[in-house]
Each structure stands twice: as C-alpha cells, then as structure tokens.
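*Asks:* Please read through the structure below; I'll follow up with questions.
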Amino acid sequence: MTIAQLNNRAARRLFMDCHALLEQPSGSAKADALLDLITRLGFVQLDSINTVARAHDMILYSRRPSYRPAALKRVYEKDRSLFEHWTHDAAVLPMEFYPQWHLRFQRDAEVLRKRYRNWHRDGYEAKFKSVLDHIRDHGPVGSSDVGKDETKGSGGWWDWHPSKTALEYLWRSGALTVVGRSGFQKRYDLTERVIDDALLPIQNTIDPSSTVDWLCNAALDRLGFATSGELAAFWATATPAESATWCKLAEAEGRIVPLDIALADGRSRKVYARPNVIETASDLPPPPGRMRVLSPFDPAVRDRKRAEGLFGFHYRIEVFTPAAKRRYGYYVFPLMEGDRLVGRIDMKAQRQEGKLNVTGLWPEQGVKWPASRQNRLEAELERVCRFTGLDRVNFADGWLHGPL
C-alpha cells in the first residue's frame, strides 16, 4: 500500500486551519459566534497567570480581536453554553460535549480517590455529605465557604483542608458543576441544578467504546492529522491503548488512512488522517501575513513536541524555572506570522503606568528582523494594548536579541 505524503508547509496550514489560525483574525466574538469558535477548537484552557492577559482570553483574542472577556463570562456563566472540567488541564468546553464527559467523571472518581489518599487528604470522604447538604441548602459555594472550622495552612494545593478536597473530588467526579469563577476562584453547585436532564448520565449506561470513538474522531477533526498517542492526549480521557485500538479499527473500516507528513527538519512522521486529507490541504488558502501574539497555552503550541516538529519551534514555559536559570523570561509569548513561528517575546502589562513593557524579543534562527517586520509587530502590540486597556507600548533598553 502506497502511503500518501504531505509536505511541511501543507501540514502546517492544515493544522493552522483546524485551529482557526489560517483566516484573517476578524469577526464577531460574542454569543453564538464565540461558542462556535470554542467548539471548533474543542476547548479553551483556563489559566490564572495574568502577565498581560489570562491564557483563555489571549487564545480567543488572537483569533477574534474584537473579543472581550465579558463575552466568555456571559456564554459560560449566564447562557450556560459551556461547562468547565479537565482535558489535560482545566478548560471550558461546549455544553453539547457534556455527555462525552461521563466516562471522564467515572475515571476521575477512581483515580482521585487513590491520589488524594496518597496526598494525605485525611477525612475528605467523610465531608461529601456535609458539603453536598451545605450547597443544597445555601446555594453555590467557593472553597472559602466550607470547612471554616478545619485546620488550614498556607492554602496552596498541597495544603487543602478536607472540605476543599471534597469539593474538588465531587466536581471532578460529576456530582458538582463549576458555575463560574470569582477572582478566578471556582464556585460549585449541584450538577442536578445546573445541567439539563437530557445531558445527564442514565444509571449504568456509560459505554466506554462509544465515548472513545467520539473522543478520537473529535480529536482528529481538531488536529487534522495525528498519531494514536496525540489523539489520546488531546482530551486526556481515552488511554493510549484505547486510542491505538481505535486507530486500527478505523483504518480497517476506511474512516482514516495512514499519512506521512514532512517535519520542519526534513524528517517524516507517520500519522493518521481522513481519507480526503490531501485534497483538503491543497484547497487551503495561504495564511494572512499579520503578526499574532500567541498564549503559551494556545492550542497551536500546547503540544510542545508537535509544535517543534511542524514549525521547528522549541518552546518551554519558564514560570516554574528559578529566575537565574531562565533562558528567556517568566512568561514568554510565541509570535506567529503567516505559517511560521518567527520568534518569542517577553512582555508584561504595567497597569498602573498604562503601558505594555517589552523586555525581550528573540527572532528564530534564520529569521531577519527588518523594519517591515518590526512594524507588523508594533501594530499587533498596539492591538494588544487596546485589548488589555493599556495606553502604549514601551520597548526596554536592549530588548532585541540576536537570532537563536
């Protein structure tokens, strides 16, 4: 059997199209339009770091510059068109996906019972009833509203009191639903009061094979092509073994085909794709030439190995690296131009002064930084300023570094 081949540029563009990065960044970012964008991406990761803007806001802004955080809050907390749970990390997902998370609730319940015990969360299981009763009687709560009589230390994840642990467990296992955040702190309510009955699981009817089929299909549609391991990692619910079995069956049934994609360094990689992948890729237009600032948690670079293979862009976030050992900076943003990742920028919003302070920019190897490219960067940074409510961009002394 002859395996089809996709060159690197075509592979990058197919991947970008799946991530809504191949079209002009424009259009509505409210209500149904925002929900459609999140559905297209599959999920949007939530993160609390607010160096310039929170990750979920930057992800949506980079595709729809008209986006403002209030729109996500409305779709999530008022319209109830999204729910919050875990993929590889905390994320908001379209409510229509909720039935596919029943398997995740079941598996998290099994895994977390053991994990929390290993973390010495003594007594959290005894708090299930009191936490549920409190919410039933008093409405949605945050972790500070329960367990006030319990011993607490610093309040970090390593020092949860039993009732906070119970809240997280009941949420991850499906009994509670997060209904929003206050100051980025989750607020929980009873799932039965939040989720439509039609989306709730029927007792003893969870079908793992059906869910795995949905998860793998949905992941492939949002990646364009993938290994079985990448399909499993996308939602982080199906196991690698389940995904590998799905690939074998789907290939035998003609739903997917093997494909060789060329990587940025000239090597090739075997993946799976839809049977019409070559035609789909050949019909895609070239990307817009404008510069985009991507969040470190953007779907296009979240899988660091995949981004390096496709774009030749080696990226690691250094927020947990001691300052003296950082190569670049605390929270460095990838820069996308056309179908290339051309550099990375270290910047921070200094809100009291109303400025976006750029402390460092590193072009990628082989990328020149003429005035035309600098103009495109400055135009994008001005847009970021408007998005974040800042007045101006400031380039610190020695901000431009040589290519890597």
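The values are calculated or read from the model by the stated rules, or taken from the named source; none is laboratory data. Keep in mind the model is a prediction, meaning the values are calculated, not measured. As a convention, Cβ positions derive from the backbone with ideal geometry for all residues, glycine included, and neighbour counts pool all protein chains shown. Ligands, DNA and RNA are stripped out before the accessible areas are found, and what is left, the full protein with its side chains, is counted by its heavy atoms. Shrake-Rupley method; radii C 1.70, N 1.55, O 1.52, S 1.80 Å.
*Asks:* Any idea which of Arg290, Arg274, Arg269, Arg222 is out of contact with any strand residue (DSSP E or B) (no Cβ under 7 Å at 6 or more places or on another chain), closer than 16 Å to Leu310 by Cβ and open to solvent by 20 Å² or more (accessible area, probe 1.4 Å)?
*Replies:* After ruling out the rest, the residue left standing is Arg222.
*Asks:* Considering region 351-376 alone, what residues qualify as being among the hydrophobic types (A, V, I, L, M, F, W, C) and without any contact (Cβ under 8 Å) to a residue 40 or more places away in the chain?
*Replies:* Val367, Trp369, Ala371
*Asks:* How many of the residues making up region 339-353 are surrounded by fewer than 18 Cβ atoms within 10 Å (Cβ to Cβ) and in a loop (DSSP other than H, G, I, E, B)?
*Replies:* 3
*Asks:* Residues of region 114-127 being crowded, with 16+ Cβ neighbours inside 10 Å and modelled with pLDDT of 80 or more, which ones?
*Replies:* Correct list: Lys127 only.
*Asks:* Take Val257 and tell me if it is touching a strand residue (DSSP E or B) at 6+ places or on another chain (Cβ under 6 Å) and not acidic (Asp, Glu).
*Replies:* no
*Asks:* Against the condition part of a helix (DSSP H, G or I) and either touching a strand residue (DSSP E or B) at 6+ places or on another chain (Cβ under 7 Å) or modelled with pLDDT under 95 (or both), how does Glu77 come out, does it pass?
*Replies:* Judged against the criteria, Glu77 is a match.
*Asks:* I've got another one for you. How about region 2-49: which of its residues are open to solvent by 20 Å² or more (accessible area, probe 1.4 Å) and free of Cβ contacts under 8 Å to residues at least 40 places away in the same chain?
*Replies:* Listed by number, the residues that qualify are Thr2, Gly27, Ser28, Asp32, Ala33, Asp36.
*Asks:* Report, by residue number, each residue of region 328-340 that is within 21 Å of the chain's Cα centre (by Cα) and closer than 18 Å to Ser372 by Cβ.
*Replies:* Selection gives Leu335, Met336, Glu337, Asp339, Arg340.
*Asks:* Could you give every pair whose Cβ atoms fall below 9 Å, whose first residue belongs to region 278-306 and is closer than 23 Å to Glu382 by Cα and assigned to a strand (DSSP E or B), and whose second residue is open to solvent by less than 10 Å² (accessible area, probe 1.4 Å) and charged (D, E, K, R), counting only separations of at least 6 or pairs across chains?
*Replies:* Short answer, once both residue conditions are applied: Met291/Glu380; Arg292/Arg63; Arg292/Glu380; Val293/Glu380.
*Asks:* So, one more: Please specify each residue of region 354-404 satisfying the condition of being assigned to a helix (DSSP H, G or I) and among the basic types (Lys, Arg).
*Replies:* Within region 354-404, Arg373, Arg376, Arg383, Arg386 qualify.
*Asks:* Tally time: how many residues in region 131-176 are in a loop (DSSP other than H, G, I, E, B), modelled with pLDDT of 95 or more and surrounded by fewer than 16 Cβ atoms within 10 Å (Cβ to Cβ)?
*Replies:* So the answer is 1.
*Asks:* State all residues of region 324-371 that are modelled with pLDDT of 95 or more and among the basic types (Lys, Arg); if no residue qualifies, say none.
*Replies:* Arg340, Arg344, Lys348, Arg351, Lys355
*Asks:* Further question on the same structure: Please specify each residue of region 294-330 satisfying the condition of being among the charged types (D, E, K, R), surrounded by fewer than 16 Cβ atoms within 10 Å (Cβ to Cβ) and closer than 15 Å to Leu341 by Cα.
*Replies:* The answer is Arg304, Lys305, Arg316.
*Asks:* Does Leu93 satisfy the condition of being closer than 24 Å to Leu82 by Cβ, open to solvent by less than 60 Å² (accessible area, probe 1.4 Å), part of a helix (DSSP H, G or I) and modelled with pLDDT of 85 or more?
*Replies:* no
*Asks:* On to the next question. Test of understanding: among Arg181, Arg222, which residue is basic (Lys, Arg) and at pLDDT 95 or above?
*Replies:* After ruling out the rest, the residue left standing is Arg222.
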